[in-house]
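Contents: one structure, followed by commentary.
The values are calculated or read from the model by the stated rules, or taken from the named source; none is laboratory data. Everything numeric in this text was worked out from a predicted model, so none of it was measured. Here the Cβ positions follow ideal geometry from the backbone for every residue, glycine too, while neighbour counts run over all protein chains shown. Ligands, DNA and RNA are excluded from the accessible area calculation, which covers all protein heavy atoms including side chains. Shrake-Rupley method; radii C 1.70, N 1.55, O 1.52, S 1.80 Å.
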Amino acid sequence: MLIDAANKDRSDRDLMNWWANGGEQTLDSYGASDPGEIPADHLAWMKALPLTFSDRKRLYVHAGVRPGVSVADQSEKDLLWIREPFLSCDDDYGALVVHGHTPTRSGLPDLRSNRLNIDTGACFGRPLTAALFTPAQRMPSLYCNNGGQFWRPRPC
């Protein structure tokens, strides 16, 4: 959304969509008044980021994956926006899918046998949460948040 909002040919919809999803806070962090003022090298770095990352035990994506579709064949739209049928699917994807995009109602990470939703609602003023993984195991070994709390995951 930021890439579209920073584009000189942006539409009003591009700008308003980004603004409604954290744009104001992003501008504040840059000390800017318009997304077009964000440094070009920062925007280039964002454009170059992959939509997925895998460490063989885990697949990291923004929103999730479409069940029944190989990782190589996932659409950009699904990787960035999917909710259902991904959230209710219990398929084993071969790796733990680590995602966000859908804030949990509890404000805690949602660990399932096939996925981990780490979105604990920071966009709504709740703590930002991270998961710690080790090379030896597929599941997270620890959570922490920006409130200074640390805790171990409950088995799924």
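Given q = 0.18, 0.21 Å⁻¹, what are the Debye log10 I(q)/I(0) values for the range 41-156, with equal point scatterers placed on the Cα positions and solvent ignored?
These q points yield log10 I(q)/I(0) values of -0.97, -1.26.
What residue among SER33, SER106, SER75 has the largest mean-square fluctuation in a Gaussian network model of the chain, using Cα springs under 10 Å?
In the Gaussian network model the winner is SER33.
Which is farthest toward the positive dipole end of the chain among LEU108, THR120, THR134, measuring Cα position about the Cα centre, with Cβ charges +1 (Lys, Arg) and -1 (Asp, Glu)?
THR134
Are there any trypsin sites (Lys or Arg not before Pro) in the range 76-156 that are in a DSSP loop and have at most 15 other Cβ atoms within 10 Å? List them by number.
ARG83, ARG105, ARG112, ARG138
Could you pull out the trypsin sites (Lys or Arg not before Pro) across the range 1-62 that fall in loop regions by DSSP (anything but H, G, I, E, B) with no more than 14 other Cβ atoms inside 10 Å?
Counting only loop positions with at most 14 other Cβ atoms within 10 Å, the trypsin sites (Lys or Arg not before Pro) in the range 1-62 are LYS8, ARG56.
List the residues, sorted by chain then number, that are 5 or more residues from ARG115 or on another chain and whose placed amide H is less than 5 Å from its amide H.
The answer is VAL97.
To the nearest 20 debye, what is the magnitude of the charge dipole of the chain about its Cα centre, counting +1 on the Cβ of each Lys and Arg and -1 on the Cβ of each Asp and Glu?
Its charge dipole is roughly 760 debye.
With a cut-off of 14 Å, note down the residues of the range 1-30 whose backbone N falls inside the zone around a label point 7 Å from the Cα of GLU76 toward its beta carbon.
From the range 1-30, the list is 1-5, 7.
Using the Kirkwood formula over every pair of different C-alpha atoms, what hydrodynamic radius in Å results for the range 1-61?
12.7 Å
What percent do you get for the relative contact order of the range 52-93 when only Cα pairs under 8 Å and 6+ apart count?
After rounding, I find 37 percent.
What percentage of the solvent-accessible surface of the chain, computed with a 1.4 Å probe over protein heavy atoms, is contributed by carbon and sulfur atoms?
53 percent
When only Cα pairs under 8 Å and 6 or more residues apart are kept, what is the percent relative contact order across the chain?
Worked out over the chain, it gives 13 percent.
Between the range 107-142 and the range 43-94, what is the C-alpha centre distance in whole Å?
16 Å
Where only protein heavy atoms count, and the probe is 1.4 Å, what is the accessible area per residue for the range 5-104 in Å²?
Accessible area per residue, the range 5-104: 63 Å².
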